[in-house]
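Asker: Take this structure, written in structure tokens, and hold onto it; I'll ask about it next.
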Amino acid sequence: MPCRYMAPALLERLKGTTMRGWPIPPPKPPIKTATQFALERQLKVTALEAQGLLTSVRIKAALLKVPREDFIPPEYRDFAYEEVPLPLPGTAATISCPHSYPLFYEPLDLGPGHRFLEIGTGSGYGAAVAREVVGDSGQVTSIEIDPLTYAFAKQNLARTGYADVVLVLGDGGLGHVQRAPYDRIAITAACTEIPPPLVAQLTLGGRIIAPLVEDSVQKLTVVTKHADTTAREVLCDVLYVRLQGQYGS
Ligand code: SAH
């Protein structure tokens, strides 16, 4: 399963501009209309399905509903549906590529009623998509360590109507006991081990997905918690920003 895909034409256009190893497009004033974004959103979802990355009906509906462009700084807004991570306010924050969300949420088997925890709020887009997937009977908590990024996400989620997503400013490696236990946890920054407090705050049968660094390569890994043990499944190589804080890599 491909984890990073970029159209050759896009790569050509992005040549020369890099951000921590990723090409980034040149900032520019936004000109696209809501109608253009709606069309691009639909085309992106169709492409993700064709690539085999998206199969869940609920995740599809969530991706069609959440306006990704509203979670992106104005100077990068027009690139909302291109397969590039884009810079966010903060020292080491990006909104992940569009395909990252089904890439994480499909193997996590995120569904209605789940208590979901995200480590690394970034733009707040991933939390909004998760809120659509878990529905009114579920709950979404998201932790961000960078105060500037946290403030940006908070504003985005309030503006787009996701007021019941609980945002926490702090070290996500420590989890958030106040809302535990969680059925599903997504760590959207790379770490060398799953922080033990997160395993402790996971329900039995619950799953955590994270990019785990192994021999300097990041492997997207799903960990399932059982009574006396955890099971691991490695999915593919990926490239995300590094986890900071006590369990930072
Ligand atoms: N899920 C995000 C993308 C996140 S990029 C989105 O949808 O936009 C990774 C984020 O993890 C960055 O914002 C970074 O500041 C944050 N981060 C890194 N280490 C962290 C930690 N220990 N706790 C919480 N957030 C952390």
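The values are calculated or read from the model by the stated rules, or taken from the named source; none is laboratory data. This is a predicted model, so every value here is computed, not measured. Cβ: placed from backbone, ideal geometry, glycine included. Neighbour counts: every protein chain shown. The accessibility values were calculated without ligands, DNA or RNA, using every heavy atom of the protein model including side chains. Shrake-Rupley method; radii C 1.70, N 1.55, O 1.52, S 1.80 Å.
Asker: Which of the residues belonging to segment 21-45 are assigned to a helix (DSSP H, G or I) and open to solvent by less than 70 Å² (accessible area, probe 1.4 Å)? Can you show your working first?
Answerer: Taking segment 21-45 first, the residues assigned to a helix (DSSP H, G or I) are 34-45.
Correct list: F37, A38, E40, R41, K44, V45.
Asker: Which of the strands (runs of 3 or more DSSP E) contained wholly in segment 81-189 include at least 3 residues that are touching a residue at least 24 places away in the same chain (Cβ under 8 Å) and near the ligand (Cβ under 9 Å from one of its atoms)? Before the answer, list the steps.
Answerer: Values: elements: 115-119, 139-144, 166-169, 182-187.
Strands (runs of 3 or more DSSP E) meeting the threshold: 139-144.
Asker: Sticking with this structure for a sec: Which one is nearest to Y150 (Cα to Cα), of the residues in segment 84-121 that are charged (D, E, K, R) and open to solvent by 10 Å² or more (accessible area, probe 1.4 Å)?
Answerer: Here is the first cut: in segment 84-121, the residues charged (D, E, K, R) are 106, 109, 115, 118.
Now narrow it down to the ones that are open to solvent by 10 Å² or more (accessible area, probe 1.4 Å): 106, 109, 115.
On the way: E106: 26, D109: 26, R115: 21 Å.
Checking each candidate, the answer is R115.
Asker: Is it the case that some residue within segment 58-73 is hydrophobic (A, V, I, L, M, F, W, C) and surrounded by fewer than 21 Cβ atoms within 10 Å (Cβ to Cβ)?
Answerer: Looking only at segment 58-73, we keep the residues that are hydrophobic (A, V, I, L, M, F, W, C), and these are 59, 61-64, 66, 71-72.
Now drop any that are not surrounded by fewer than 21 Cβ atoms within 10 Å (Cβ to Cβ), which leaves 61, 64.
Checked against the condition, which is being hydrophobic (A, V, I, L, M, F, W, C) and surrounded by fewer than 21 Cβ atoms within 10 Å (Cβ to Cβ), segment 58-73 yields at least one hit.
Asker: With the structure loaded, tell me whether L43 is in contact (Cβ under 8 Å) with a residue 40 or more places away in the chain and either touching a Ser or Thr at 6+ places or on another chain (Cβ under 9 Å) or of a type outside the set (K, R) (or both) or whether it fails that test. Walk me through how you get there before you give the answer.
Answerer: Numbers: in contact (Cβ under 8 Å) with a residue 40 or more places away in the chain: no; either touching a Ser or Thr at 6+ places or on another chain (Cβ under 9 Å) or of a type outside the set (K, R) (or both): yes.
No; evaluated as a whole, the condition is false for this residue.
Asker: Going through segment 190-204 one residue at a time, which ones are of a type in the set (A, V, I, L, M) and more than 13 Å from the ligand (Cβ to nearest atom)? Step through it out loud before you land on a result.
Answerer: At the first step, the residues of segment 190-204 found to be of a type in the set (A, V, I, L, M) are 190, 194, 198-200, 202, 204.
Of everything in segment 190-204, those that are of a type in the set (A, V, I, L, M) and more than 13 Å from the ligand (Cβ to nearest atom) turn out to be V199, A200, L202, L204.
Asker: So E214 clears everything in (1) more than 23 Å from G90 (Cβ to Cβ); (2) at pLDDT 95 or above except one condition, right? Which one?
Answerer: (2)
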